[in-house]
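Read through the structure below, which is laid out as structure tokens, and then see the notes.
The values are calculated or read from the model by the stated rules, or taken from the named source; none is laboratory data. Predicted model only: the values in this text are computed from it and were never measured. Note: ideal-geometry Cβ built from the backbone for every residue, glycine included; neighbour counts use all protein chains shown.
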Amino acid sequence: MLTREDPAKRSWWARVPRPPAPDPLDAFSEDEVRTCVAYAKPRQRWALLGVAVDLSLLAGAALTTPGRELVQWAAGLAGGWAPGRVALAAVAVIGVRALARLPFSIRAFRQDVRAGLATQRVAGFLRDWLKARAVGLVLTVLPLAGLVLAARWRPPGWPWVAAVAAAALVAVLALLGPVLIEPLFNRFTSLHAGPLRDRLLLLAARMRVPVRDVLVADASRRTTRVNAYVSGLGRTRRVVVYDTLVRSSDHDELALVVAHELAHVRHRDVLWGTVASAAAAAGAVLLAVGLFDLEAVRDALGVDGLGDPLAAPGLLLVAVGGLLAAPVASLVSRWSEATADWVALEVTGDAATAEAVERRLALENRADLRPNRLLVALFSSHPPTMARIAQARLWAARHGDYNRAP
């Protein structure tokens, strides 16, 4: 067994190599590649069509006479009560968009059923869909209404106060989301005492990541996909693994997946992601204030200003402008994922297991093994499967392919 310097004591910001991805036939059979591509490509096309429909409806609600009339009718149900008018205008737009996207969600669910990836019945899927839409509705309508009402009443220093409030809301959700929102969709139990739990806690300690608990999520009630993540900040942090991963993985595979997730924490990816999201929320508020001060924008949206109760569709349209930053966000995310992959290799010293994990994730989750480069650049948060396998092989070539369990 080879020994070397503990990676926890080394620089965690070292430059990570990104070798070119080989052909997927170097790691997968023709049948495996064909199966994954046949699943992924139609799903991508329908997802893009769903986004186009969603954006068209939002633009219609904000910029066309029929759309404005629908929003005005919904707002009128609250009479002259300004908070109610704001809330109902937002609910009308969000509700129409959700209903328009439902057929696309159902199609994706049916595809998962046919592929053996979904374990839910339609009723269970619809319950989860409704819960997700309800949570999204609350987390959208309340801040939106608060911003419009603040612009309407204009308390002293209100734009900056609203920006700070938006940033604070993002931080609070990052802190409390694991406690308040995640339990709405999954049940969590502590991983039972034993060698696996001890190994994961020892791994976290070695990587100097304080972890309160190791939890198992009952993901198998809806899917066969495997996953793990670290949620929460500070004292609320916990490692979460899907029960599908616990049941079907050997301990080496699971430890490598968890090492990858702990590397994100070690690099403060979660913290910096929260900071970036908070800053983006604050910037979006100030941008909205500036845009609604422009006469051309007010005329295009048919509103008197940001304080108009019917400003909700325009605000949501401005928020969609964040899609323009998607390529940059995706690039940063892929870099952080590649870095976490490298750190997991450094910690576990097990390139063979890393490649096995990537193969398994691709096959069980039906990853696109022949991804479109433009779509990767625009939307992919993770490097393609073959790029990750190439990285594991490069690490093995540099260090020797040895297995050193943490």
* To do: For the range 107-127, indicate whether the set of residues that are in contact with an Asp or Glu (Cβ under 8 Å, 6 or more places away or on another chain), basic (Lys, Arg) and at pLDDT 95 or above is non-empty.
  => no
* **So Ala92, is it surrounded by 14 or more Cβ atoms within 10 Å (Cβ to Cβ) and within 19 Å of the chain's Cα centre (by Cα)** => no
* Structure fact -> Within the range 177-196, of all residues that are of a type in the set (A, V, I, L, M, F, W, C) and touching a residue at least 40 places away in the same chain (Cβ under 8 Å), the one farthest from Arg222 (Cα to Cα) is Leu196
* Structure fact -> Within the range 332-391, residues in a helix (DSSP H, G or I), touching a residue at least 40 places away in the same chain (Cβ under 8 Å) and of a type in the set (Lys, Arg) come out as Arg334, Arg359, Arg360, Arg388
* Structure fact -> The number of residues in the range 340-357 that are of a type in the set (D, E, K, R) and surrounded by fewer than 24 Cβ atoms within 10 Å (Cβ to Cβ) is 2
* Asked: Which of (1) assigned to a strand (DSSP E or B); (2) at pLDDT 90 or above; (3) not acidic (Asp, Glu) does Tyr229 not meet, given it meets every other one?
  -> (2)
* Any residue in the range 27-44 that's under 22 Å from Ala390 (Cβ atoms) and assigned to a loop (DSSP other than H, G, I, E, B): show its pairings with residues that are among the hydrophobic types (A, V, I, L, M, F, W, C) and at pLDDT 95 or above at Cβ separation under 6 Å, as long as the two are six or more apart or on different chains. => Ala27/Ile389
* Unique match (being part of a helix (DSSP H, G or I) and at pLDDT 95 or above) among Val164, Val86 -> Val164
* Mind telling me which of the residues Arg221, Arg225, Arg266 ends up being among the basic types (Lys, Arg), in contact (Cβ under 8 Å) with a residue 12 or more places away in the chain, in contact with a Ser or Thr (Cβ under 7 Å, 6 or more places away or on another chain) and within 29 Å of Ala329 (Cβ to Cβ)? => Arg225
* Select from the range 187-215 the residues that are touching a Lys or Arg at 6+ places or on another chain (Cβ under 8 Å) and surrounded by 15 or more Cβ atoms within 10 Å (Cβ to Cβ) and write down the one among them that is nearest to Ala132 (Cα to Cα). => Leu215
* **Counted residues, the range 232-244 - those being outside any helix (DSSP H, G or I) and at pLDDT 85 or above** => 5
* Asked: Would the range 132-154 turn up any residue that is exposed (fewer than 15 other Cβ atoms within 10 Å of the Cβ), touching a residue at least 40 places away in the same chain (Cβ under 8 Å), not aromatic (Phe, Trp, Tyr) and not in a helix (DSSP H, G or I)?
  -> yes
* From (1) at pLDDT 90 or above; (2) in a helix (DSSP H, G or I), pick out the condition that doesn't hold for Arg247. => (1)
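Results for (1) basic (Lys, Arg); (2) under 20 Å from Gly307 (Cβ atoms); (3) touching a helix residue (DSSP H, G or I) at 6+ places or on another chain (Cβ under 9 Å), shown as yes or no for each residue.
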position: Val138; (1), (2), (3): no, no, no
position: Ala145; (1), (2), (3): no, yes, yes
position: Leu149; (1), (2), (3): no, yes, yes
position: Val161; (1), (2), (3): no, yes, yes
position: Ala166; (1), (2), (3): no, yes, yes
position: Ala174; (1), (2), (3): no, no, yes
position: Gly177; (1), (2), (3): no, no, no
position: Pro183; (1), (2), (3): no, no, no
position: His192; (1), (2), (3): no, no, no
* Asked: Quick one: would you say Pro371 is farther than 27 Å from Ala276 by Cα, crowded, with 20+ Cβ neighbours inside 10 Å, at pLDDT below 90 and touching a Ser or Thr at 6+ places or on another chain (Cβ under 9 Å)?
  -> no
